[in-house]
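Colleague: Submitted below is the structure of interest, expressed as structure tokens.
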Amino acid sequence: MPGVQTTTAVAERTTPVELSAIGQALAILGDRWVLLILQRAFLLRVRTFAGWRDELGISESVLASRLKELLAHGILTTAAYRNGRTRNEYRLTDRGLDLWSLLVAIHSWERDWTDRPLPPLVHDVCGRDVRAYLACGGCREGMTARDTRTVRGPLATFARVGLPRQHRRTIATRTDFIGYCPDSMEILGDRWSTSVLAAAFLGARRFGDFQTELGIAPSVLTDRLRRFVELGVFQLGGGNYRLTERGLAFFKVFAFLVSWAQRELPAPAGSELTITHHSCGAALTPVLLCSDCGGKLERREVHFIT
Ligand SMILES: [Zn+2]
Ligand SMILES: [Zn+2]
């Protein structure tokens, strides 16, 4: 495995500019508040500080820090608008808008793998409540993780997510309306969890594989692996943590994360990850297709009924 380092060395040496695009994306998006802020922006068109605060029941200091990060990463921008007097609001940039497919992919996984009632996704072209399924943009064939091969560049230490923010693992959020279900929030909602899952998609199976890949403290890794087994995402056998069907289905989300990251975030040469679609041999450009009419789902042509 390339770039084996000790935990200490990683902590000292890893800075954001050294991270691969995917490592940066995991660091930015592997946070439940960030995901919930983006989700509310997409689904409810929340644009103001007070809007998110009231909608999510989030503390003002946490919200302020997350909005600051989203501004710094060019996912949100501020814009003045007039409503009696001039006020500022937050808007999704093109980079931020591009995350819609990732959020739809999470919704789609939740629909397939949880019992939770979720807002219907309507495809405006066919007018129906539809499912979004993952397909290869090159050949338009539906696909899963099993239909792919992943090759990493020589410097692809993508999963080194640097120094994590301090996260509490359980946060009471008002997510019952349109919120992500607790399972997907646990899988994606903090950067170590997201990174453990990403490492599994890259072939990590044993405790040591994850540790080498992530430079993660053993106690944190033990905790995340145990939760993933409890959540039915990993199956433990013979010292190997293998993705279950439920875990493998998360590839849909992972594919959009990789695609967004490599398109949008600057990264050192040689740190890229190439996912190839077996049957057509093309580098994967993930797209979502409509389960009803088979058309490609576009951001402006879908909406959730909230
Ligand atoms: Zn293909
Ligand atoms: Zn359709």
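Derivation of every value follows stated rules applied to the coordinates shown; laboratory data play no part. Just so it is clear, the model here is predicted, and its values are computed rather than measured. All Cβ positions, glycine included, derive from the backbone under ideal geometry; neighbour counts span all protein chains shown.
Colleague: Quick one: putting +1 on the C-beta of Lys and Arg, -1 on the C-beta of Asp and Glu, what dipole do you get for the chain around its Cα centre, in Debye to the nearest 20?
Modeller: Charge dipole of the chain: 420 debye, to the nearest 20.
Colleague: A further question follows. For region 7-304, what's the relative contact order in percent, using C-alpha pairs closer than 8 Å and at least 6 residues apart?
Modeller: So the answer I get is 31 percent.
Colleague: Please work out the Cα convex hull volume for region 198-253 and give it in Å³ per residue.
Modeller: 74
Colleague: Next question. Which cross-chain or sequence-distant (5 or more) residues have an amide H under 5 Å from the amide H of Thr93, H modelled 1.01 Å from N in plane?
Modeller: Leu76, Thr77
Colleague: To continue, here is another question. Farthest toward the dipole's positive end in the chain, which of Ile275, Ile22, Gly138, given Cβ charges of +1 (Lys, Arg) and -1 (Asp, Glu) about the Cα centre?
Modeller: Ile22
Colleague: Would you compute, from DSSP H runs of 4+ residues alone, the mean residue ellipticity of the chain at 222 nm, taking -39500 (n - 2.57) per run and dividing by the full residue count, rounded to the nearest 500?
Modeller: The helix contribution divided over the chain gives -11500 deg cm²/dmol.
Colleague: In cubic angstrom, how much convex hull volume per residue do the alpha carbon atoms of region 46-155 span?
Modeller: Spread over its residues, the Cα hull of region 46-155 gives 212 Å³ apiece.
Colleague: Just in region 31-117: which trypsin sites (Lys or Arg not before Pro) are loop by DSSP and have at most 16 other Cβ atoms within 10 Å?
Modeller: Qualifying residues, ordered by number: Arg45.
Colleague: Would you calculate the convex hull of the Cα atoms in region 7-304 and tell me its volume per residue in Å³?
Modeller: In region 7-304, the Cα convex hull volume per residue is 139 Å³.
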